[in-house]
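Report on the following structure.
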Amino acid sequence: MTITRLPVGPIALRAKPSVGGEPDTQRGRSPSMPVHGPLIDSFGRVHTDMRLSVTDRCNFRCVYCMPDEGMTFLPRAEILSFEEIARVARVARGLGVTSVRLTGGEPLVRRGIVELVRRVAAMGFDDVSLTTNGTGLARLAEPLAQAGLQRVNISCDSLQPDRFAQIRRRGELSMVLKAMDAAEAAGLAPLKVNVVVMAGVNDDEVLDFCAFAREHDRVVRFIEYMPLDANGLWDRSQVVAGSDLLAQIGERWPLVACDPQGTDSAPAERYRFADGVGEIGVVASVTRPFCGTCDRLRVTADGAVRNCLFSDDELSLRSVMRSGGTDDEMAMTLRTAIWGKLPGHGINDPGFLRPHRSMSMIGG
Ligand code: SAM
Ligand code: SF4
């Protein structure tokens, strides 16, 4: 096990699982796929956390995600019905998935989302959450909580109204801040705030966001900009490394790693402020991949299982369902998709190719 050293003083360091954040391939791959037990890949990673996209549509056009105009959406007939989404969730639950996050596109623009949450929440997952741009949450927070939603992540990349408008291109900062209040009032806590940090765009707001996290007791998660924008404009020079963010923050407010051993499978490296006031997270998918402990699978709005954000290998649960397939066949499709997972996403390999689908089409 390698300990990754950060160039900062007051931070307890998080251990990474192996060089490059990939599983210990020296142990070798298991020879054959089990047909019982949990969802496991050939490197022994057990998958318990599912991102379930309910739509690829969105009312925002964030610069790092979609073009301003001309985004092509899936034909409605190709999107899974609620019946089909609920079936996917039920089969996944039967395979040991314990945590489900509804996402998109913007999940709250899908009509009937409260009803879908109610159905999924009744299936016995430990954790049912949702990622949203905040639209409509002021109205929906209470019904969603009543339906069994436990937590929300709200995306907000600037605390300056003008800049917010430039980055997200639709909506208003004030609306998103009200959505945060509404979520907390409805008991959807702890509230996490997702901030995609882009060099020269909003990286000067990192300390402001930390002050915001401390003041409101909200967990701000700084996310590295990933090569998943629909325009294909991503460039490494726009990525602000998580270690640089931590160094900057640590100088102002010393930090303590919540999980110094790196055993937590969550992508965010979590840090408490050493004075006990508040918490932040860093999702360093580009510069410090966490593939070695990845326990995540994704199902797109059109029912494709993906074992990694960055892999184009997909198997269609929709085809299985719409051709009269059984739950066992769906389970086998899920198992096969996970079994084929590569040790790492390879963003930093010279031959890396961007996936064909962008973030909103996959489900972030
Ligand atoms: N529409 C919802 C929202 O914005 O929260 C949910 C879907 S969105 C695709 C999920 C998360 O992915 C958001 O926090 C968003 O900021 C993040 N995201 C989108 N494109 C990204 C990119 N290229 N790199 C890093 N994060 C990205
Ligand atoms: Fe829509 Fe979310 Fe993508 Fe922004 S990040 S365009 S809100 S799906």
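Here are a few things to note about the model shown:
- Anisotropy class of the range 103-179 from Cα gyration tensor, a/c 1.5 cut: prolate
- Projected area, mean over directions - the range 197-321, Cα convex hull, nm²: 9.5 nm²
- Dipole check for the chain: with +1 at the C-beta of Lys and Arg, -1 at the C-beta of Asp and Glu, and the Cα centre as origin, the magnitude is about 640 Debye.
- Among 218, 335, 111: highest mean-square fluctuation, GNM of the chain, C-alpha pairs under 10 Å: 111
- Selection from 344, 362, 319 lying farthest towards where the dipole of the range 225-364 points positive, charges on Cβ: 319
- Carbon/sulfur fraction of accessible area - the chain, other protein chains in place, 1.4 Å, %: 52 percent
- Solvent-accessible area per residue in the range 24-153 equals 42 Å², computed with a 1.4 angstrom probe and all protein chains kept.
- Remark: the range 146-215 carries a charge dipole of roughly 320 debye about the Cα centre, counting +1 on each Lys and Arg Cβ and -1 on each Asp and Glu Cβ.
- Simple rule: put +1 on each Lys or Arg Cβ and -1 on each Asp or Glu Cβ in the chain, find the dipole, and look at 35, 195, 67; the Cα lying farthest toward the positive end is 35.
- Largest-first principal axis extents, alpha carbons of the range 192-269, Å: 36, 29, 21
The values are calculated or read from the model by the stated rules, or taken from the named source; none is laboratory data. Because the structure is a prediction, the values reported are computed rather than measured. Virtual Cβ from ideal backbone geometry, glycine too; neighbours counted across all protein chains shown. Note: accessible area is taken over every heavy atom of the protein model, side chains too, but ligands, DNA and RNA are not part of it. Shrake-Rupley method; radii C 1.70, N 1.55, O 1.52, S 1.80 Å.
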